[in-house]
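Student: Have a look at this one.
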Amino acid sequence: MCGIVGYVGQKECATMLLDGLRRLEYRGYDSAGLAVHDGKEVKVVRAVGKLANLATALAQTPLKGSTGIGHTRWATHGRPTEVNAHPHVAGSIALVHNGIIENHVALRRQIEERGQKVLSDTDTEIVAHLVNLHAKDGNDLETAVRLALREVHGTYAIAVISKDEPGKLVVSKTASPLVLGIGEDEMYAGSDVPALLPYTRKMIFLEDGEIATLTQKSFRITTLEGAPVERAPQHIDWSEMMAEKAGFKHFMLKEIHEQPRALEDTLRGRLDRENADVIAAEIGLANIDISKIDRIYLIACGTSHHSALAGRYYLEKLARIPTNVELASEFRNRDAVIGKGDLVVAVSQSGETLDTLMAVKEAKKRGATVLAIANVIGSAIPRISDGALYTHAGPEIGVASTKCFSTQLAALLLLSIYIGRRRNTLDPKRARELVEGLAKLPHQMKDVVAGTKQLVANVARRYGDARDVLFLGRGLSFPIALEGALKLKEISYVHAEGYAAGEMKHGPIALIDSAVPVVVIMPKDSNYDKTVGNLQEVKAREGRIIAIATEGDHEAEKLGDEAIMIPEVEEELTPFLTVLPLQLYAYYVADHKGTDVDQPRNLAKTVTVE
Ligand code: AGP
């Protein structure tokens, strides 16, 4: 998820572009840059790291001109370096992009065969070359962009200017957001409302497959096919703070709602639906010979440890590889028996968690191979690993991890399907069920969030004052029980415990009484009958039950004091849906209690201390 801005008018635009990027910094901050047309040339200034570095560079090399574009990057292809920073220039064209071009490898071959030199590792530069080639064929900027986008598969929001056409800005989008700002004798474009709010409240949200050509006094919207589009500007009355959260009260709530999109982006280009398989190029095993792997260690902390617990289920069931799950802080000090033939999979949203980083170093020292599953390209853990499987959740601002958790589940499931198909431990029929199930999941997640959030908010009000809460689950629902408990603990400060449902009778059942809500995660899966038995044990002791169950499960509705229903899916996919009401429950309890949901006390988003 990156941020893009554009301006065309009669004012000097570099300051506005930089300010617009500052308001989009929550969308990514690996590197940034501006391109401005000074009437004769397009000049570019880029800098790695936070926007402050770009501001420093601009102070040394001011950009003059009243047509320009800007970009703040969240790396998806190519590490955060200056050469990979946007804007990308090809011939007369300067371009910025937010999204993922799926067919960038094939397109790169095409343009190199036409003698173009590609300087960066990014998918974006390829689009700049395509536009430039069409412009060199005598097309105006809008036509060149239109023709180039017809060759592109994937997601994009782009802004483009040309040395040969001063005073013109062309933008287009498919799947990634793009907003036009309609000013007085000036026009704006941006990834999101916050970038434009200080300059205009008259905005037009572009739809997928639309192109807009902006000049100082005009804007024109057409479809990719060239048909004119008429759309009146809206008046946006959000405050600037509300705008950064897209109208949500907290980043955490926004990120809970972003999960379908984050999952789509993480799966994009990785599912081979024709062959019921996973595409090798995209899962980081290029340098790892899986035929030599006898055992896997999943190493992580916190929420990432919970996704790793689900990952063990996937790897052992689908790939039949013995798999251990380790808390990074414990693994480091255990003098583990690990070495060649062992694959360590380090799961970390930030890629910077010190406990996980040190555990990886320890494992490497003992001869293990390491694959990182991370959300931040070029972060410390992937940098020292033999391969990296990136989630594409975009920046996660809320300290409590939500969308990164579900994208980690997806990464671990993709890995398990990939290895299972190559070890012939996963038959094609079962693989097809899982691949097709994954493809449908983003839509189902969206429905579950929309369909349960009001009920969950009501349940949170009824049970939110409880001082102790138990979360129970079996099999794949056990890590979800742990995750639900962690979410509640870390943002509402309520004591909560996740427990294997089968363990209740070995002690914790002594805790049960009418003051202790018990959340039972009980989708219709291979553990269902036993979980119903555990639920009855709780019921018999006056425990109040909040059941997370499968639509149509009348037993759960009868036994539970509350029942929150999810659609029936393949067993391996239930965690993606059962976790959603638990994230919402923690959120609404915390919001009801008035705690600092996005930055809970004592916590940091990335724990870089031991
Ligand atoms: C999750 O809600 C917590 N904020 C925390 O447990 C987090 O998952 C843990 O610190 C690991 O972080 P990482 O995924 O960046 O390594």
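The values are calculated or read from the model by the stated rules, or taken from the named source; none is laboratory data. Fair warning: this is a prediction, and the values are worked out from it, not measured in the lab. In this analysis, Cβ positions are derived from the backbone assuming ideal geometry, glycine residues included, and neighbour counts consider all displayed protein chains. Remember, those area values only see protein heavy atoms, side chains included, never the ligands or the DNA or RNA. Shrake-Rupley method; radii C 1.70, N 1.55, O 1.52, S 1.80 Å.
Student: What does the convex hull of the alpha-carbon atoms of the range 369-474 project to on average, in nm²? Working shown, then result.
Tutor: Values: hull surface 40.3 nm².
Hull-based average projected area comes out at 10.1 nm².
Student: Counting every Cα pair in the range 1-46, what percent are over 13 Å apart?
Tutor: Working: 575 of 1035 pairs.
Counting every Cα pair in the range 1-46, those more than 13 Å apart make up 56 percent.
Student: With point charges of +1 on the Cβ of Lys and Arg and -1 on the Cβ of Asp and Glu, referenced to the Cα centre of the chain, which listed residue (VAL278, ALA346, ILE211) lies farthest in the positive direction of the dipole?
Tutor: The residue sitting farthest along the positive end of the dipole is ALA346.
Student: Here is a further query. Within the chain, what percent of beta bridges assigned by DSSP are antiparallel, to the nearest 5?
Tutor: Approximately 60 percent, going by the DSSP bridge assignments.
Student: How much of the accessible area of the chain, probe 1.4 Å, is carbon plus sulfur, in whole percent? Before the final figure, lay out the partial values.
Tutor: On the way: 11070 of 22880 Å².
Heavy-atom surface of the chain belonging to carbon and sulfur, 1.4 Å probe: 48 percent.
Student: Using alpha carbon centroids, what distance separates the range 177-229 and the range 459-528, in Å?
Tutor: The distance from the Cα centre of the range 177-229 to that of the range 459-528 comes to 48 Å.
Student: Write down the accessible area per residue of the chain in Å², having rolled a 1.4 Å probe over the full set of protein chains.
Tutor: Numbers: 22880 Å² over 610 residues.
It amounts to 38 Å² per residue over the chain.
Student: Can I ask one more? Any idea how far apart ASN602 and SER218 come out in nm if each label point goes 7 Å out from Cα toward Cβ?
Tutor: 6.3 nm
Student: Between the helical axis of 51-60 and the dominant principal axis of the chain, each derived from Cα atoms, what acute angle in degrees is found, rounded to the nearest 10?
Tutor: So the helix axis and the longest Cα principal axis differ by about 20 degrees.
Student: Can you give the alpha-carbon Rg of the range 512-565 over 2.2 N^0.38 Å, where N counts its residues? Provide the component values of the computation, followed by the final result.
Tutor: Numbers: Rg = 10.1 Å, N = 54, 2.2 N^0.38 = 10.0 Å.
The value comes to 1.01.
Student: Now a separate question. Taking every Cα atom in the chain, find the radius of gyration and the maximum pairwise distance Dmax, and write them in Å.
Tutor: Every Cα atom of the chain included, Rg and Dmax give 25.3, 81 Å.
Student: If R0 is 45 Å, what FRET efficiency do you get for LYS40 and ARG366 from their C-beta distance, rounded to 0.05? Before the final figure, lay out each step's value.
Tutor: On the way: r = 60 Å, r/R0 = 1.34.
The pair LYS40/ARG366 has a calculated efficiency of 0.15.
Student: Another one. With all protein chains present, calculate the accessible area of ARG461 using a 1.4 Å probe and round the result to the nearest 10 Å².
Tutor: Approximately 130 Å² of ARG461 is accessible to the 1.4 Å probe.
Student: Another question, if that's okay. Please report how far the C-alpha centroid of the range 410-430 lies from that of the range 370-395, rounded to the nearest whole angstrom.
Tutor: Taking the Cα centre of each part, the range 410-430 and the range 370-395 sit 21 Å apart.
Student: Under a point-charge model restricted to the Cβ atoms of Lys and Arg (+1) and Asp and Glu (-1), what is the dipole moment magnitude of the chain relative to its Cα centre, in debye to the nearest 20? Each step should come with its number before you reach the end.
Tutor: Values: 72 positive and 80 negative charges, 183 e Å.
Here the chain has a charge dipole of around 880 debye.
Student: Let me ask something else about it. Would you mind computing Rg(Cα) / (2.2 N^0.38 Å) for the range 484-610, counting N as its residues?
Tutor: Details: Rg = 15.6 Å, N = 127, 2.2 N^0.38 = 13.9 Å.
Output field value: 1.12.
Student: For ILE384 and LYS440, compute 0.36 nm times the residue count separating them, minus their Cα-Cα distance, and round to one decimal in nm. Present the calculation step by step, with values, prior to reporting the outcome.
Tutor: Working: separation 56, 0.36 × 56 = 20.16 nm, distance 3.44 nm.
Result for the pair: 16.7 nm of gain on full extension.
Student: Moving on. Counting each DSSP H run of 4 or more residues in the chain as -39500 (n - 2.57), what helix-only mean residue ellipticity at 222 nm follows after dividing by all residues, to the nearest 500 deg cm²/dmol?
Tutor: Details: 17 runs with 216 residues, N = 610.
The helix contribution divided over the chain gives -11000 deg cm²/dmol.
Student: For LYS593 and ASP137, what is the calculated FRET efficiency with R₀ set at 41 Å and r taken between the beta-carbons, to the nearest 0.05?
Tutor: E between LYS593 and ASP137, to the nearest 0.05, is 0.10.
Student: Sorted by accessible area (1.4 Å probe), largest first, how do HIS37, HIS235 line up? Write out the running numbers ahead of the final one.
Tutor: Numbers: HIS37 5, HIS235 130 Å².
Correct descending sequence by accessible area is HIS235, HIS37.
Student: Accessible area, 1.4 Å probe, largest first: how do HIS495, HIS443, HIS97 sort?
Tutor: Details: HIS495 90, HIS443 125, HIS97 0 Å².
Sorted descending by solvent-accessible area, the residues read HIS443, HIS495, HIS97.
Student: Here's another thing I want to ask about it. Going Cα to Cα from LYS505, which aspartates and glutamates come in below 14 Å? Please leave out same-chain ones fewer than 8 positions away.
Tutor: GLU537
Student: With the radius of gyration and the Kirkwood radius both derived from the Cα set of the range 352-397, what is their ratio Rg to Rh? Could you put the intermediate results ahead of the total?
Tutor: Numbers: Rg = 10.8 Å, Rh = 10.9 Å.
Rg divided by Rh gives 0.99.
Student: Around ALA372, with a cut-off of 10 angstrom between Cβ atoms, what is the net charge of the other residues, counting Lys and Arg +1 and Asp and Glu -1?
Tutor: Spelling it out: positives minus negatives among the neighbours equals 0.
Student: Would you give the gap between the C-alpha center of the range 134-159 and the C-alpha center of the range 329-359, rounded to a whole Å?
Tutor: When both Cα centres are located, 45 Å separates them.
Student: Which value results for Rg/Rh of the range 1-103 when Rg is the Cα radius of gyration and Rh the Kirkwood radius based on the inverse mean 1/r?
Tutor: Working: Rg = 12.5 Å, Rh = 13.3 Å.
Reported Rg/Rh (Cα atoms, Kirkwood Rh): 0.94.
Student: Moving to a separate point now. If the cut-off is a Cα-Cα distance under 14 Å, which aspartates and glutamates reach LYS530, setting aside same-chain residues fewer than 8 apart in sequence?
Tutor: Within the straight-line cut-off, LYS530 pairs with GLU503, GLU555.
Student: State to the nearest 20 debye the size of the charge dipole of the range 1-84 about its Cα centre, where the only charges are +1 on K and R beta carbons and -1 on D and E beta carbons.
Tutor: Numbers: 11 positive and 7 negative charges, 17 e Å.
Using only the charged Cβ atoms, the result is roughly 80 debye.
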